[in-house]
Amino acid sequence: MLDARGWLLWALVALVAASSTRNPLYVVLLLLIAMIVGGVCAGDRDRRAIMSPLRFAVVAIPLAALFNGLTAHLGDTVLFHLPDWLPLVGGSVTLEALIFGAMNGLTLTTIFSGFTTFNRVTPLRDLVRLTPRAFHEAGVVLSIALTFIPQTTRSLNRIREAQAVRGHRVRGLRDWLPIVVPFLISGLERSMGLAEAMVSRGYGAISDQAQPPRTQRLLVLGLFLLLAGWLALLFLPTWKGIAVGVMILGAGIIVGVVWLAGRTVSHTAYRIHHWTARDTFAALGCGLTLAVILLPLPLMDRGTLYYSPYPRLTLPPFDLFIGLGLLGLVVPAVIGAAHRVDQT
Amino acid sequence: MIHFDHLTYTYPDAPYATLTELTLDIAEGEFVLVAGPSGAGKSTLLRCLNGLVPHFTGGILNGSISVAGLDPVIEGPRLLSRIAGFVFQDPEAQFVVDRVEDEVAFALENAGLPPADMRVRVEEVLHVLDLTPLRDRELETLSGGEKQRVAIAAALALRPRVLVLDEPTSQLDPQSAQEVLGALVRLNRDLGLTIILAEHRLERVLSHIDRLICLPGPDKPVLSGPPGPVLHQMDLTPPLIALGKELGWEPLPLTIERGQAFAKETVAALGFQASGQNPNPEPLKPETLLQVKDLSFDYDGTPALHDISLTVGAGELVAMMGRNGSGKTTLLRCIVGLLSPRQGEILLEGESLVGQETADICCDIGYLPQEPDALLFADTIADELAVTLRNHGLVDSPPIAPADLLARLGLDDLTTSYPRDLSVGQRQRVALGAVTITRPRLLLLDEPTRGMDYPAKRELVRLLREWQAEGTGVLLVTHDVELVAQAADWVVVLDQGEVVAAGPSATVLTASPLLVPQVARLFPGTGWLTVDDALTGLNFDPA
């Protein structure tokens, strides 16, 4: 539905927004947005995943509240007192400390929900395609490594079961030997098999093409300038401006070399995603959210972002304009719903 | 098109050459079957065609190979990928991405084809292999036959002139194997693609091929030519050919239709009249050893087994058949306690197994899983047996002396060998030894003949008969119809987790068109299932 670059931007903005506020009202709003976007845009891929942030919250929020409540003895509303001789936890347990801990758990849940949604709506292969052409092979290796994980889990289970049918029981470290040895050997055999299959389909032909010496020399120059600039920044504080300039030049050369190297790679992509009006619309929504979080815009009370329950618990404030700005992140869900209506 | 000239190849550290002075030619458009016992060099020969040997394996190669004018040894597998597409035994082991269309496009992306050309090629191969409706499917969700067709499509995307396949149907049920072979025949007949295929189950392929290459093993000359004459010189052949040779049918029939014509002539010539007496009478059900009652099992809420009931008696061999994914392996795993059934009862000699630990159950039940390699980890074969005895606390009082069991398994000369260095058949027997050293009363075998050649299968049947004679019950899961015809007393067919047929092997095997053994097709209505049945029934005297 959206381009992978659009989703990447959405995930980054959601992460920045969730980390930039301590106001539970805004955090809850962000959590709901992430869940709605996941629910609408992930379609029927995995309905059970919609509830996974809530399952995470059930564990994370009480744990964080308990930990902070027992270790941070701040706040006016004392619930009970633990003996002072108890290390770390000894002292007053306050309502404010529990609430602060719960807020941390809520923020963690929101970040988790953002990543879960991103993971559900963006196929891995689309992300791999974002790697620069010069790093294409590394991207393929990464995607294979990730698809290998479920296969490896299955293989481990198969071996564990095969040993169990010989009466094997895992009681200590040594008992893992009959599982680890076939697991490693079968993993190596599987890797060799896959390597054969990939080479038989022309994989790796690109790596046979050596980069011209000029490109290699430029890469060395770029790395040298970057290192020299960094050392100058560390040891010659008076040359700060020049050092930063040298570092920028070095980084620029490296980026240029990667671009040049990518041009010599003959690899092409079967699926090409084009940036569409929908992606622009979603990006504008992200921009709006980022603006209300980071910029001192008029009519908005940015102080409401930094709520604290200490010293005495009060109701968190809520700024309507900031709330509306956060709704910029819900644009992908609106696009997704409209897309579904179009399809039906 | 393909020319081998005095090719000799030796793997690194191998004591002798796998291929010796191999000289042969394959013309463009031929459908070629490479046959021979395990370890004779079939896979090596195929891998020479695209340069995987020696580029991946090392070793010493003398002589020369030419594929469409290119030397794979010089050019290497990457360049040869445009000339010779390669399909491996296990489709899952060669998949790189997770969706059908992307998998097919992988080779095209590597070749740097423009996107527009890629689209055309992907459409083309999806259409040729009837995969268009599956183009968006995740590979994990496909059946075995569909996966293998995707692997073929992926190999064909670069429009190679030769398609090389290493035992592509060995893991498939008869129906899926038929799908794959049907696709290959279409590619050969309609597009003129040269196809070179290695296969153990000759009965599946013989009717389609133009040339048969037999690699009989060390120190024996390679046979190559039209299938009829080569089959005459081969020792072990499928039942149709074996019977044809015994009865002097000339030319040897390669299809059941041709065989049926000969069968009619033979019956007329011998003056045979069907007596109505069945050579495979319904076996008496022996004393029940294993009883499965109304068993149901779900995978995360998805039903996998539904109300399964079956029995295995002492000394009885029950074969369980059915398509890939029909629930056969799931049932075996429930029996040995690796899975917990939702409902139902599993009794071994009247004692319930439900809730018992796998390690305890497997002292009385020997379970051989599909992949014997998962069992093997010790340094020697003798150690493998010792490990099982140690696990069960039987080192001091083994129910069978390990040396006796190894002798019975034909492994007594190899006790100090490293198990993973052995052939498929030998590894299977080591694994069998590792699960039977406790002298179990019941054996559960999951696809034990996968990748086995005819001699290894014959050896397995002999072993099973010996164990049966001692009262051991066997529940055998297999797709191998001819093996079932030879060995089974009773057949159970599963489909989508339910028992759809159960009865004496002669009744069940002749009732379903996909399960009928070759001899039963040649002589319908006689109840004969094997070559021996037919020769006995015909009162055939070779003199």
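The values are calculated or read from the model by the stated rules, or taken from the named source; none is laboratory data. No experiment lies behind these values; they were computed from the predicted model shown. All Cβ positions, even for glycine, are placed from backbone atoms using ideal geometry, and neighbour counts span all protein chains on display.
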>> Just to verify a result, which residue in the stretch B:374-423, among those that are within 22 Å of A:Trp176 (Cβ to Cβ) and among the charged types (D, E, K, R), is nearest to the chain's Cα centre (by Cα)?
In response: B:Arg420
>> If I filter the stretch B:99-120 for residues that are of a type in the set (A, V, I, L, M), within 11 Å of chain A (Cβ to nearest Cβ) and part of a strand (DSSP E or B), do I get at least one hit?
In response: no
>> Being polar (S, T, N, Q) and buried (at least 23 other Cβ atoms within 10 Å of the Cβ) is the filter here; which residues of the stretch B:409-435 pass it?
In response: B:Gln428
> Filter the stretch B:78-98 for residues that are more than 7 Å from chain A (Cβ to nearest Cβ) and of a type in the set (A, V, I, L, M, F, W, C); which is nearest to A:Ile272 (Cα to Cα)?
Replying inline: B:Phe95
>> Of the residues B:Leu406, B:Leu389, B:Leu376, only one is buried (at least 19 other Cβ atoms within 10 Å of the Cβ), at the interface with chain A (Cβ under 10 Å from one of its Cβ atoms), farther than 20 Å from B:Leu475 by Cα and at pLDDT 90 or above; which?
In response: B:Leu389
>> Can you confirm whether B:Leu165 is aliphatic (A, V, I, L, M), buried (at least 20 other Cβ atoms within 10 Å of the Cβ) and either in contact with a Lys or Arg (Cβ under 7 Å, 6 or more places away or on another chain) or in the same structural domain as B:Leu22 (by TED's automatic domain parsing) (or both)?
In response: yes
> If only one of A:Ile185, A:Ile159, A:Ile99, A:Ile111 is at negative phi, within 14 Å of another protein chain (Cβ to nearest Cβ), modelled with pLDDT of 85 or more and buried (at least 18 other Cβ atoms within 10 Å of the Cβ), which one is it?
Replying inline: A:Ile159
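One line per residue, one yes/no per condition, for (1) more than 24 Å from A:Ala42 (Cα to Cα); (2) within 21 Å of the chain's Cα centre (by Cα):
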residue: A:Ala283; (1), (2): no, yes
residue: A:Leu295; (1), (2): yes, no
residue: A:Tyr307; (1), (2): yes, no
residue: A:Pro316; (1), (2): yes, no
residue: A:Leu326; (1), (2): no, yes
residue: A:Val331; (1), (2): no, yes
residue: A:Val334; (1), (2): no, no
residue: A:Ala337; (1), (2): no, no
residue: A:Gln343; (1), (2): no, no
> Name the residues in the stretch B:465-498 that are hydrophobic (A, V, I, L, M, F, W, C), surrounded by fewer than 21 Cβ atoms within 10 Å (Cβ to Cβ) and touching a strand residue (DSSP E or B) at 6+ places or on another chain (Cβ under 6 Å), would you?
Replying inline: none
>> Given the condition among the aliphatic types (A, V, I, L, M), under 23 Å from B:Gly36 (Cα atoms) and within 14 Å of chain A (Cβ to nearest Cβ), answer yes or no: does some residue in the stretch B:164-175 qualify?
In response: yes
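Residue-by-condition table, conditions (1) in a helix (DSSP H, G or I); (2) free of Cβ contacts under 8 Å to residues at least 24 places away in the same chain; (3) not polar (S, T, N, Q):
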position	(1), (2), (3)
B:Val387	yes, no, yes
B:Arg427	yes, no, yes
B:Thr438	no, no, no
B:Pro448	no, no, yes
B:Gly451	no, no, yes
B:Leu464	yes, no, yes
B:Leu476	no, no, yes
> What single numbered condition from (1) within 24 Å of B:Ala111 (Cα to Cα); (2) at pLDDT 85 or above; (3) within 7 Å of chain B (Cβ to nearest Cβ) fails to hold for A:Arg125?
Replying inline: (2)
> Is it true that B:Ala434 is in a helix (DSSP H, G or I), closer than 20 Å to B:Leu464 by Cα and small (Gly, Ala, Ser)?
Replying inline: yes
> So which of B:Ser43, B:Ser66, B:Ser81, B:Ser38 is more than 24 Å from B:Leu215 (Cβ to Cβ) and of a type in the set (Ser, Thr, Tyr)?
Replying inline: B:Ser81
>> Just checking, does the stretch B:518-537 include any residue being in a loop (DSSP other than H, G, I, E, B) and without any contact (Cβ under 8 Å) to a residue 12 or more places away in the chain?
In response: no
> Given A:Val128, A:Val121, which one is touching a Cys at 6+ places or on another chain (Cβ under 9 Å) and farther than 21 Å from A:Ser19 by Cα?
Replying inline: A:Val121
> Which fully enclosed helices (runs of 4 or more DSSP H) of the stretch B:174-246 have 1 or more residues being within 23 Å of the chain's Cα centre (by Cα) and within 24 Å of B:Glu265 (Cα to Cα)?
Replying inline: B:202-205, B:227-233
